[in-house]
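In what follows, a structure is listed as structure tokens, so that the remarks can point back to it.
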Amino acid sequence: MKDRIARLRQVMAAHDLDLAFLSSPQTIAYLTNFGSTGYYLPHFLVLAQEGPETFVIRDFEVPTLEQATATPGVMAWGQERTFYHALKEVLAKHCGKDEPRIGVEGASNFTPYRNILALSAISGGQLVDISPDVEALRRVKSPSELSKIETAGRATVGAVEASIKTLSIGVSEKQLSLEILTGMIDRGSDFPVSIPYVYFGDRTRLAMQQPTDASLGAKDPIYIECGARCGYYTAALTRTGAAQPDQEYTEIYGHMRSAFDLMLGSLRAGAISADVDAQARLYLRKHGLEKWWFHRGGYSLGIGFTPGWGEGMVLDISPDNRMAIPEGAVLHLVSLIRHHGYGFIGMSETVIVELERARSVTPFSRECIML
């Protein structure tokens with residue numbers, strides 16, 4: 001973790017910062033190995049240019065923090081002091097300036113605006129959004145991170161493969177979701193960031209919804225998306241199909257598979273994100289399917305916390321992104337349309353970008369699901 005802290009301090013130096021107040025649970029886990037479902041409560045990891053870092057955290061979580069990380073400094077709020085008094089004390093401890101320059105993560109989904117306002121008012125300083133530079137630290141995965149993602153990938157594939165073999169008419173979305181979840185855990189997964197998303201029939205048009213008691217009918221379309229987790233790292237996989245897919249469904253699915261293969265074949269270190277996107281987009285346009293492609297072509301996977309496993313702000317595959325994709329990036333590569341009649345059709349896999357290719361870590365059969 002020391003090298004990660006050192007690189008964060010290089011970001012601070014580049015912005016001429018006195019302090020950094022970091023609040024994203026992904027960043028905190030990356031820098032310290034501490035993670036908690038309490039990230040929705042006020043918290044900061046505070047770094048100065050020199051010296052030990054300090055957590056501003058609720059006192060209830062201090063024992064968990066001490067077990068997870070060697071970070072020595074804690075400024076707990078709760079019984080003895082309020083969150084705002086903790087901010088005052090940690091500012092006095094780390095910085096004696098009247099108007100310090102403080103880096104914050106403006107893009108964090110878990111930092112209430114009132115906390116940023118409080119930090120600004122209490123410090124009297126200038127706040128600088130360093131989100132893009134902090135997120136860039138996580139763009140390339142270390143060998144240890146890649147190993148965790150590959151472990152998660154094996155659990156994902158094993159669970160989906162076993163569950164599809166036993167899929168039958170009458171099973172409910174809840175039953176299949178639970179079977180996949182149990183299968184991932186039995187194969188070494190931690191509890192995942194998201195429940196396995198399973199939808200049948202008209203519900204395959206939905207996204208980010210809880211599975212229900214809806215049962216699989218004889219001609220229903222099928223949607224399955226899930227991701228096992230190792231440590232904080234997820235490997236995701238999506239497959240669609242139907243109990244008895246008709247010719248039109250089968251043809252559309254074939255096009256989505258071809259679009260996926262085109263993106264995967266163009267991915268390698270140095271490939272431009274927009275060029276990878278264009279491989280699928282132009283193909284789908286040729287076959288009249290682009291109008292239903294609402295999803296970007298992919299996004300970074302790494303450290304994730306409920307409710308989402310993605311790191312799209314770190315890197316994504318999209319038509320306007322001219323970034324060169326680095327070796328060691330991990331992407332959830334997505335070839336998926338929302339068809340007006342069949343709902344979502346397509347597939348996704350988690351891939352590691354290597355020097356000359358991209359390698360799938362969730363290499364499940366790319367055939368259309370059918371009974």
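Among the residues of the range 70-84, just one is of a type outside the set (A, V, I, L, M, F, W, C) and surrounded by 19 or more Cβ atoms within 10 Å (Cβ to Cβ), namely THR71. Of the helices (runs of 4 or more DSSP H) lying entirely inside the range 117-208, those carrying at least 3 residues that are in contact with a strand residue (DSSP E or B) (Cβ under 7 Å, 6 or more places away or on another chain) are 143-165, 173-186. Every condition in (1) out of contact with any Cys (no Cβ under 9 Å at 6 or more places or on another chain); (2) at pLDDT below 95; (3) not acidic (Asp, Glu) is met by GLY125 except one, and the failing one is (1). Taken over the range 80-108, the criterion of being of a type in the set (S, T, N, Q) and touching a residue at least 12 places away in the same chain (Cβ under 8 Å) is satisfied by SER108 alone. Quick check on ILE169: is it β-branched (Val, Ile, Thr), over 23 Å from MET1 (Cβ atoms) and at pLDDT 95 or above? Spelling it out, ILE169 is indeed β-branched (Val, Ile, Thr), over 23 Å from MET1 (Cβ atoms) and at pLDDT 95 or above.
The rows are residues; the columns are (1) in contact with a helix residue (DSSP H, G or I) (Cβ under 7 Å, 6 or more places away or on another chain); (2) within 19 Å of ALA280 (Cβ to Cβ); (3) of a type outside the set (A, V, I, L, M).
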| residue | (1), (2), (3) |
| --- | --- |
| HIS295 | no, yes, yes |
| TYR299 | no, yes, yes |
| PRO307 | no, no, yes |
| MET313 | yes, no, no |
| ASP320 | yes, yes, yes |
| ALA324 | no, yes, no |
| ALA329 | no, yes, no |
| HIS332 | no, yes, yes |
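Here VAL46, VAL90, VAL62, VAL56 are screened, and the one residue that is surrounded by 18 or more Cβ atoms within 10 Å (Cβ to Cβ), closer than 25 Å to VAL193 by Cα and over 23 Å from the mean Cα position of the chain (by Cα) is VAL56.
Only a single criterion out of (1) at pLDDT 95 or above; (2) of a type outside the set (A, V, I, L, M); (3) surrounded by fewer than 16 Cβ atoms within 10 Å (Cβ to Cβ); (4) assigned to a loop (DSSP other than H, G, I, E, B) is not satisfied by PRO211, namely (3). Only residues that are surrounded by fewer than 22 Cβ atoms within 10 Å (Cβ to Cβ) and at positive phi were counted across the range 298-356, and they come to 1. Residue count for the range 284-337, restricted to those that are assigned to a loop (DSSP other than H, G, I, E, B), under 18 Å from the mean Cα position of the chain (by Cα) and under 19 Å from TYR253 (Cβ atoms): 2. Residues satisfying the criterion are absent from the range 93-112 (criterion: within 12 Å of VAL56 (Cα to Cα), modelled with pLDDT under 95, touching a helix residue (DSSP H, G or I) at 6+ places or on another chain (Cβ under 9 Å) and in the same structural domain as VAL62 (by TED's automatic domain parsing)). Exactly one residue out of TYR30, TYR40 is surrounded by fewer than 18 Cβ atoms within 10 Å (Cβ to Cβ) and not basic (Lys, Arg), and it is TYR40.
The values are calculated or read from the model by the stated rules, or taken from the named source; none is laboratory data. Only a predicted model underlies this, so the values are computations on that prediction, with no experimental measurement involved. Note that we place each Cβ from the backbone using ideal geometry, even for glycine, and neighbour counts take in every protein chain shown.
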